[in-house]
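Engineer: First, the structure itself, so that you have it in front of you.
The values are calculated or read from the model by the stated rules, or taken from the named source; none is laboratory data. Computed from a prediction, not measured in an experiment: that's the story for all the values here. Cβ atoms come from the backbone with ideal geometry, glycine included; neighbour counts cover every protein chain shown.
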Amino acid sequence: MAEKRIKRLGLLGLAVALGMALAAWKTSLDMLPFPQSLRSETLRVTQPRILDRHDIPLSITYVNPWNSHDWIPLHRIPALLRQAFILSEDKRFFRHDGVDWVARCHAIVQNLAARRVVRGASTLSEQVVRMLHPRPRTLWSRWVEGFEARALEARFSKAEILEFYLSQVPYARQRRGVAQAARLYFDRDLHLLNERETLALAVLVRSPSRLDLFRTPSALDESIDGLAQRLHQAGTISSRGLQLVLSSPLQLQTGRLPVMAAHYVRHVLARAVPADSDGAIRRTTLDATLQGKLQNILDSALRDLSEQDATSGAILVADHQSSEILAWVNGGGTRQGPAGSWFDAVTLPRQPGSTLKPFLYALAMEKGWTPATILDDSPLSEPLRSGMHVFRNYSRIHHGPLRLREALGNSLNIPAVRAIQFTGARAFLQRLRELGFASLVQSHDHYGHGLALGDGEVSLLELTQAYACLARGGRFHPLIWNGAADGEPRPSPRVMSQEVASLVAHILADPQARRLEFGEGHLLSLPVETAVKTGTSSDHRDAWAVGFSHRHVVGIWMGNLDRTPTRGLTGTTGPGLVLRAVFRELNEGTVPGSLPLSPRLARQAICQKSGRLPGPGCPRADELFVPGSEPRERCELNHGGARAAFSPVSAIAASSLPVVQLLQPTGGLELAMDPRVPDDLEVFPLVLPRGLPYMRVVWLMDGVLAGVTGTGVHRWDWSMRKGTHKVLARVWLGGSVDPVETPPVTFVVR
């Protein structure tokens with residue numbers, strides 16, 4: 001019997017030894033390696049946090065597996081919070097080597113007595129292991145975690161482990177760490193919490209999903225009071241401190257971002273590459289303080305304009321010297337509710353109204369025009385398919401011959417059409433694309449001369465970017481969100497000459513140049529010299545204001561995101577007022593500066609009415625010219641008569657084109673006889689361009705002489721008759737011996 005007992009004991013010992021060896025092998029196999037460091041920069045990040053230029057957060061994300069954005073060094077975590085966590089979670093933290101065997105034994109006894117799990121005994125080190133190596137909650141997992149906790153403490157110091165724990169401990173709503181919890185429940189930093197709120201963070205980690213402060217704020221009262229008593233007994237807080245904890249309230253407040261910049265953040269994330277980020281963060285050029293102020297300005301303006309049925313708006317501000325975006329503001333939404341907030345009005349293409357005219361006149365001046373070029377502001381019609389399109393100024397007033405400076409300053413439509421006739425729609429569209437208007441994807445034939453008045457759609461970002469080119473003296477560079485990379489100089493191709501860009505800026509900043517349409521002392525005349533342009537699209541759907549000072553460029557749009565018309569909102573009455581407020585904010589506390597003016601520009605006295613060198617009795621004005629483009633001829637007009645006595649330069653004459661063409665009729669035009677008017681009284685005017693030095697015109701209809709007109713006459717009233725007709729004009733111009741024939745035009749009278 002003794003031998004059998006010894007044999008059984010031997011087999012049992014062997015089995016135990018094999019079991020222990022197997023357990024040791026399995027334990028070693030299941031233990032996972034630790035990272036090289038527990039610091040935040042070594043943790044994996046899937047989405048960085050976006051910061052402004054002063055490190056103010058513009059976005060908050062909780063999709064990352066770790067809290068890398070709100071990591072707080074241990075020395076900056078309040079001592080009371082550190083001590084509360086240690087007393088509450090692991091009071092022998094500084095005495096054990098990763099596993100608190102005393103606590104484990106007590107937990108086993110209590111759990112067996114209750115016949116259920118009523119207490120855990122995980123140390124802070126074991127909880128850190130559980131964060132680093134998540135496993136199913138089984139007895140074997142607890143076994144392996146104990147060994148890993150000892151390995152963790154052998155590799156890292158207690159301070160490193162505690163810092164990691166306090167920055168990564170899970171809370172409700174995907175928050176990690178005490179800093180994010182403080183923002184979630186109290187919207188304050190850790191050092192601004194009162195004593196009771198501080199202890200609440202230590203209590204909440206026990207069951208963050210069950211202990212919901214927002215639903216039942218009193219649910220933690222008993223636990224907080226108990227923890228405060230224990231801290232008092234341990235000598236951590238004084239009797240006065242205990243009374244403060246017991247009497248202080250929990251001031252709950254949902255955390256929120258300091259500034260609204262969601263559209264800007266989406267713009268950044270859509271364009272950023274990994275090299276743009278610095279680990280868990282991505283710094284941008286936005287100024288959050290300015291963003292907040294302009295948000296208030298825009299929201300207030302939209303409330304004031306509610307009667308004009310304008311529900312949405314956007315502001316874009318940039319430093320045109322550095323090309324850095326400083327503010328990207330959206331306001332309002334659609335009538336259907338907050339869904340409009342998903343649309344970024346800064347990047348949404350809309351009709352620009354008159355805001356493209358400065359670039360058109362810049363191109364015209366590069367092709368030979370000057371600020372003194374006389375343009376004819378008189379009624380104008382153009383062919384459109386089988387009919388005629390009549391161009392009108394916004395005020396429906398025609399000012400007759402006037403200088404380019406006045407035409408641009410007053411944003412007159414008909415001179416702008418004459419300008420695009422001069423430059424050509426193809427050349428103007430090409431210039432706009434060089435200025436970054438990528439939204440203009442159609443051909444020049446699609447837009448036609450209407451491109452001068454805002455046909456087509458562009459975004460506020462593109463428009464502000466183009467005006468920054470003007471402010472920069474004609475050099476183009478895209479507006480940037482992330483600053484200059486490593487201080488390297490950015491390529492800035494020259495789109496227009498510095499002289500021409502200076503002239504356009506000078507005109508847009510000249511209050512006298514806009515007085516015909518806008519009057520004296522207009523709201524677009526700002527205290528600091530600023531180039532300003534407004535625009536209003538058809539049916540008042542879009543209202544714009546764009547301007548630049550010596551340092552900043554500002555673009556503003558107002559309207560409705562669902563494209564419904566407003567009730568008469570214009571670029572002046574809406575965005576223009578906001579533009580003044582924005583520049584007041586930008587200029588506050590800064591030294592006023594002037595717009596740069598090219599030193600190569602020549603100053604010359606001219607006649608205000610003719611644009612030529614002033615003669616006796618001429619009203620004089622000083623004008624700026626690109627060297628070599630100054631007027632050579634002296635004015636010989638009698639200014640005692642009407643201003644219209646001077647023949648303005650037409651688009652055809654100024655461009656030196658050898659072809660004179662009929663303006664009316666147009667090819668394919670269809671006319672109908674009026675049954676209410678006797679046929680022999682119905683006439684239709686045949687029209688040539690105004691302003692040419694006509695000496696004699698022979699009008700030929702269907703190859704037969706229809707009429708002859710003399711000096712200065714550009715039209716003939718033709719007696720209408722039904723049928724298909726072909727008309728042309730034989731024109732003798734002053735200074736030429738041979739006539740010029742217009743291309744024949746075929747039209748129909750029904």
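Engineer: Please work out which residue is nearest to Gly177 (Cα to Cα), limiting yourself to region 187-206 and to residues that are in a helix (DSSP H, G or I) and among the charged types (D, E, K, R).
Structural biologist: Glu197
Engineer: Ok, one more. Within region 564-574, does at least one residue satisfy the condition of being over 21 Å from Ala327 (Cα atoms) and not in a loop (DSSP other than H, G, I, E, B)?
Structural biologist: yes
Engineer: Go through region 531-566 and give me each residue that's touching a His at 6+ places or on another chain (Cβ under 9 Å), of a type in the set (Val, Ile, Thr) and either within 16 Å of Ile315 (Cβ to Cβ) or surrounded by fewer than 18 Cβ atoms within 10 Å (Cβ to Cβ) (or both).
Structural biologist: Across region 531-566, the qualifying residue is only Val553.
Engineer: Just one of (1) of a type in the set (A, V, I, L, M); (2) closer than 30 Å to Val740 by Cα; (3) modelled with pLDDT of 85 or more trips up Leu586, so point out which.
Structural biologist: Of (1) of a type in the set (A, V, I, L, M); (2) closer than 30 Å to Val740 by Cα; (3) modelled with pLDDT of 85 or more, only one is false for Leu586: (2).
Engineer: A further question follows. Within region 567-625, take every residue that is of a type in the set (Ser, Thr, Tyr) and crowded, with 17+ Cβ neighbours inside 10 Å and give me the one that is farthest from Leu298 (Cα to Cα).
Structural biologist: Among those that are of a type in the set (Ser, Thr, Tyr) and crowded, with 17+ Cβ neighbours inside 10 Å, it is Ser610.
Engineer: Among the listed residues Pro616, Pro599, identify the single one that is under 22 Å from His320 (Cα atoms) and assigned to a loop (DSSP other than H, G, I, E, B).
Structural biologist: Pro599
Engineer: What number goes with the only condition from (1) free of Cβ contacts under 8 Å to residues at least 60 places away in the same chain; (2) surrounded by fewer than 21 Cβ atoms within 10 Å (Cβ to Cβ); (3) out of contact with any Asp or Glu (no Cβ under 7 Å at 6 or more places or on another chain) that Gln174 does not pass?
Structural biologist: Only one criterion in (1) free of Cβ contacts under 8 Å to residues at least 60 places away in the same chain; (2) surrounded by fewer than 21 Cβ atoms within 10 Å (Cβ to Cβ); (3) out of contact with any Asp or Glu (no Cβ under 7 Å at 6 or more places or on another chain) is unmet by Gln174, namely (1).
Engineer: Would you point out which residue out of Pro371, Pro358 is modelled with pLDDT of 95 or more, assigned to a loop (DSSP other than H, G, I, E, B) and either in contact with a helix residue (DSSP H, G or I) (Cβ under 6 Å, 6 or more places away or on another chain) or buried (at least 17 other Cβ atoms within 10 Å of the Cβ) (or both)?
Structural biologist: Sole residue among the options that is modelled with pLDDT of 95 or more, assigned to a loop (DSSP other than H, G, I, E, B) and either in contact with a helix residue (DSSP H, G or I) (Cβ under 6 Å, 6 or more places away or on another chain) or buried (at least 17 other Cβ atoms within 10 Å of the Cβ) (or both): Pro371.
Engineer: Also, I was wondering about something else. Answer yes or no: is there a residue in region 469-483 that is modelled with pLDDT under 95, among the polar types (S, T, N, Q) and assigned to a strand (DSSP E or B).
Structural biologist: no
Engineer: Say we look at region 423-440 and pick out the residues that are part of a loop (DSSP other than H, G, I, E, B) and of a type in the set (A, V, I, L, M); which of these is surrounded by the fewest Cβ atoms within 10 Å (Cβ to Cβ)?
Structural biologist: Looking at residues that are part of a loop (DSSP other than H, G, I, E, B) and of a type in the set (A, V, I, L, M), I get Ala438.
Engineer: Could you list, in sequence order, the residues of region 22-63 that are of a type in the set (S, T, N, Q) and touching a strand residue (DSSP E or B) at 6+ places or on another chain (Cβ under 9 Å)?
Structural biologist: The answer is Ser59, Thr61.
Engineer: Follow-up question, since we're still on this one. Checking Gly703 against (1) at pLDDT below 85; (2) on the phi > 0 side of the Ramachandran plot: exactly one of these is not met. Which one?
Structural biologist: Unmet for Gly703, out of (1) at pLDDT below 85; (2) on the phi > 0 side of the Ramachandran plot: (1).
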